[in-house]
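The values are calculated or read from the model by the stated rules, or taken from the named source; none is laboratory data. Quick caveat, the model's predicted, so the values are computed rather than measured. Counting neighbours? That spans all protein chains shown, and the Cβs are built from the backbone with ideal geometry, glycine included. In case anyone asks, the SASA skips ligands and DNA or RNA and just uses the protein heavy atoms, side chains included. Shrake-Rupley method; radii C 1.70, N 1.55, O 1.52, S 1.80 Å.
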Amino acid sequence: MRNTRISHVVQVCSVIVLLAGSAWPQQQMSGQDRGRAQDVLKFAAADVRKHYYDPKFHGLDWDAKVAEAKEKIDKAPTWNVAMSHIAGAFDALNDSHTFFLPPAHVGRTDYGFQYQIIGDRCFILRVRPGSDAEAKGIKAGDELLGLNNFGVNRNTLWRLQYAFNVLRPQPSMSLVLQDPAGGQRKVDAAAKIRAGKPKIDLSGDSGDSDFWDWVRESQGNSHLLRGRSAEFGDALMVLKLPEFFFSDEGVEGMLSKAKKHQALIVDLRGDPGGSVETLRALVGGMFEKEVKIADTVSRKDTKPLVSKSMGNKFTGKLVVLVDSGSASASELFARVMQLEKRGTVMGDRSSGSVMESKRYSEQMGADTVIFYGASITEADLIMSDGKSLEHVGVVPDEIALPTGQDLAAGRDPVLAHAAETLGVKLSPEDAGKAFPYEWPPE
């Protein structure tokens, strides 16, 4: 079953075009692999042709774009370059939720640091203990000016993350950094690559191994992606949601705790969105009445997306925190609270990646299977003010940003300020300790 998602991934744009032309040393592609790459393009492009919400593709000649990619694959020197050409074709649609999902790489790459746009600048958020990035002196609070010879800003950041994390992982990263005092330096940090498999084998003994690898990783991710809360007497609860993938029962549990407090902060910073059903439930828990979230405009029709009635309701004061990492369902939630005058939105302008999409999976092989696919937008979402958030985002009622010094010291002045507006004294230092970051297993 394909679950409807409102979640953010990325756009590729010119970054991928440049990467496709990069002369990186790689194994030359065989004739058999070239044929496989053409098949990947053929079936992924057919899924877009069949399911994309705009049958006119925003005026783009999709067939011509696919034919252009096919010609480039015929000349591509390596498999990775061929996959880059497919990704580039998808990017021509300029749609945050329509993108190519290439076959998995042999290894899993961890660069040892995370970065994010804050305001109009990019900063290192955190560095993994024991990583080469830590050994090379990369620190939280450093401003990231350049990454592998690309400038980093709101327009390029997500594209770089897609390119270097999904499409073409790198053995190392070259960073141009500026510390909080203004000093600049260049750092080369090696990535840690965990050995993996380019194919998923579901037969025999090795199939058992693949299956339990999935189970273990799923269990670990469930722990890291759980909702967390912090309570400050009966005055305030802070609910931190890493993404929108909770059952109705899970949302009811959160609301049951929240309604015991006079005020609630819903922290959606870094939340990329997720399930439409979770969005409907969480919005429903904030109102006594049914609320229209948006109109979904698909290829066939326009339908209202409305909140879901929940047994538990939170009726107290509400603040919603967003930042540049808040996307899709989290943006919709925040914007509904603004439009309905239900609560105050604080933080940074959100991502502006708001469409409704489904993942379409394809595969090659029988016993030994290579998976690939595409995320494809099936509807635009028009808010009650008649506007889409795509490429726009949510502008907070009150802009509140951490500084590089705050990141370096582990302070969270944004959460502290939000709590203060609700009558709760919370220092930036204590706010920074409320939800300790948990690194995923290497």
query: Quick one: how many residues across region 263-275 are open to solvent by 10 Å² or more (accessible area, probe 1.4 Å) and either under 21 Å from residue 338 (Cβ atoms) or among the hydrophobic types (A, V, I, L, M, F, W, C) (or both)?
result: 3
task: From 294, 329, 263, 281, grab the single residue that is within 18 Å of residue 225 (Cβ to Cβ), at pLDDT 95 or above and touching a strand residue (DSSP E or B) at 6+ places or on another chain (Cβ under 6 Å).
output: 329
- line: Within region 401-429, residues in contact with a Ser or Thr (Cβ under 9 Å, 6 or more places away or on another chain) and either open to solvent by less than 40 Å² (accessible area, probe 1.4 Å) or touching a residue at least 40 places away in the same chain (Cβ under 8 Å) (or both) come out as 413, 416, 418, 421
query: For region 37-53, how many residues are crowded, with 18+ Cβ neighbours inside 10 Å and touching a Lys or Arg at 6+ places or on another chain (Cβ under 9 Å)?
result: 5
- prompt: How about region 181-193: which of its residues are open to solvent by less than 90 Å² (accessible area, probe 1.4 Å) and either closer than 13 Å to residue 111 by Cβ or within 27 Å of the chain's Cα centre (by Cα) (or both)?
  reply: 187, 188, 189, 190, 191
message: Quick check on my filter: what residues within region 293-309 are open to solvent by 10 Å² or more (accessible area, probe 1.4 Å), of a type outside the set (S, T, N, Q) and farther than 14 Å from residue 244 by Cβ?
response: 295, 297, 299, 300, 301, 303, 304, 306
- line: For region 69-98, the count of residues that are over 15 Å from residue 36 (Cα atoms), outside any helix (DSSP H, G or I) and open to solvent by less than 10 Å² (accessible area, probe 1.4 Å) equals 5
message: Given the criteria outside any loop (DSSP other than H, G, I, E, B) and without any contact (Cβ under 8 Å) to a residue 24 or more places away in the chain, does residue 163 qualify?
response: no
query: Restricting to region 310-361, what's the tally of residues that are among the aliphatic types (A, V, I, L, M), open to solvent by less than 30 Å² (accessible area, probe 1.4 Å) and over 14 Å from the mean Cα position of the chain (by Cα)?
result: 11
Residue that is least open to solvent (accessible area, probe 1.4 Å) [pool: residues in region 383-398 that are in contact (Cβ under 8 Å) with a residue 60 or more places away in the chain and more than 17 Å from residue 273 (Cα to Cα)]: 396
task: Search region 362-382 for residues being open to solvent by 60 Å² or more (accessible area, probe 1.4 Å) and of a type in the set (A, V, I, L, M, F, W, C), and hand back the single one that is farthest from residue 117 (Cα to Cα).
output: 366
message: Can you go through 151, 141, 137, 130 and tell me which one is at positive phi and free of Cβ contacts under 8 Å to residues at least 12 places away in the same chain?
response: 130
statement: If you go through 81, 48, the only one that is farther than 26 Å from residue 187 by Cα, at pLDDT below 95 and hydrophobic (A, V, I, L, M, F, W, C) is 81
